[in-house]
Amino acid sequence: MFNIDQYAYSNRLKQVHPGEKMAFALATLLIALVAPQPALPAIIIALMAGASIGAAGIPARFYLQLFLIPLSFLIAGVAMIALTITNQPLAGLKGLTLLGWTLGVTPASIHLAGKIFFKSLGAVSCLYFLSLTTPMVDILTVLKKLRVPALLVDLISLTYRFIFVLLATVNDIYTAQAARLGYASLRTSYHSLGQLVANLFIKTHRRSQELFTALTARGYGEELQVLEVPKPFSWPFLFLAAGLDLALLSLMFITWRWTLWPPF
């Protein structure tokens, strides 16, 4: 999380208007979700990786490490979708049969699992592009200009802030426990982990009270006021993003047409 925030402030696209980056990321995410075939989300994954690594200058190793986080959950999820358990004969079912029940996969289940897998990774790649190239302050500024309720914007800001508070608190407690050999054995590890979880919520609650006291002392009313740095529109980026999304839309309609009316 700390590296994500660091790259958001130091990437090569930081001066591009945040509204343009948000529009590009969200429009591409929508295309990935409604695409009828998994090939288009796969193209979006490559496109967003190229935009993040090539255009924004995010290190490729760090970007790939980020992808490993949702990848493990996705593999476990789509594996359950691909597997079929039945005692009835199904077309194309291949697997292990025991006591009249068959555990296996069918072409339809594999296709569905692959579609969900690539759609999910395509959506993740769009969100990674936005989070790695746009600071949260800029995103909140765009949300305010879009007339999003101030209460919702403040909740997003405070939630984002407390993600870092939680991570810093976990790191401090873990370092203190490890320095005292709190994870030297399996038994002490379980005991230390329980203490970490218990102390985490206590310390986080205390920090939240301190934050509220600090905001009240500085005249907090009904809305958090953040200094806005005006950024001009980048017309080359806007035209390039619009061209890429139009190309993806054209490709989506072509694949959708072939799905409904395959060529003879």
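The values are calculated or read from the model by the stated rules, or taken from the named source; none is laboratory data. Note that this is a predicted model, so its numbers are computed, not measured. Note: ideal-geometry Cβ built from the backbone for every residue, glycine included; neighbour counts use all protein chains shown.
Scan the stretch 179-190 for residues that are surrounded by fewer than 13 Cβ atoms within 10 Å (Cβ to Cβ) and either closer than 25 Å to residue 207 by Cα or not hydrophobic (A, V, I, L, M, F, W, C) (or both) and the total you get is 5. Filter the stretch 28-49 down to the residues that are buried (at least 23 other Cβ atoms within 10 Å of the Cβ) and more than 16 Å from residue 116 (Cβ to Cβ) and list them by number. The answer is 28, 48. What about residue 25, is it surrounded by 17 or more Cβ atoms within 10 Å (Cβ to Cβ), touching a Pro at 6+ places or on another chain (Cβ under 9 Å), closer than 29 Å to residue 165 by Cα and not assigned by TED's automatic domain parsing to the domain that holds residue 143? Against the criterion (surrounded by 17 or more Cβ atoms within 10 Å (Cβ to Cβ), touching a Pro at 6+ places or on another chain (Cβ under 9 Å), closer than 29 Å to residue 165 by Cα and not assigned by TED's automatic domain parsing to the domain that holds residue 143), residue 25 does not qualify.
With respect to being at pLDDT 85 or above, out of contact with any helix residue (DSSP H, G or I) (no Cβ under 9 Å at 6 or more places or on another chain) and of a type outside the set (Gly, Ala, Ser), residue 141 falls outside the description.
Counted as qualifying within the stretch 1-60 are the helices (runs of 4 or more DSSP H) with 3 or more residues that are under 26 Å from residue 254 (Cβ atoms), namely 18-34, 39-50. State all residues of the stretch 70-82 that are surrounded by fewer than 15 Cβ atoms within 10 Å (Cβ to Cβ) and either touching a Cys at 6+ places or on another chain (Cβ under 9 Å) or at pLDDT 85 or above (or both); if no residue qualifies, say none. Listed by number, the list holds a single entry, 75.
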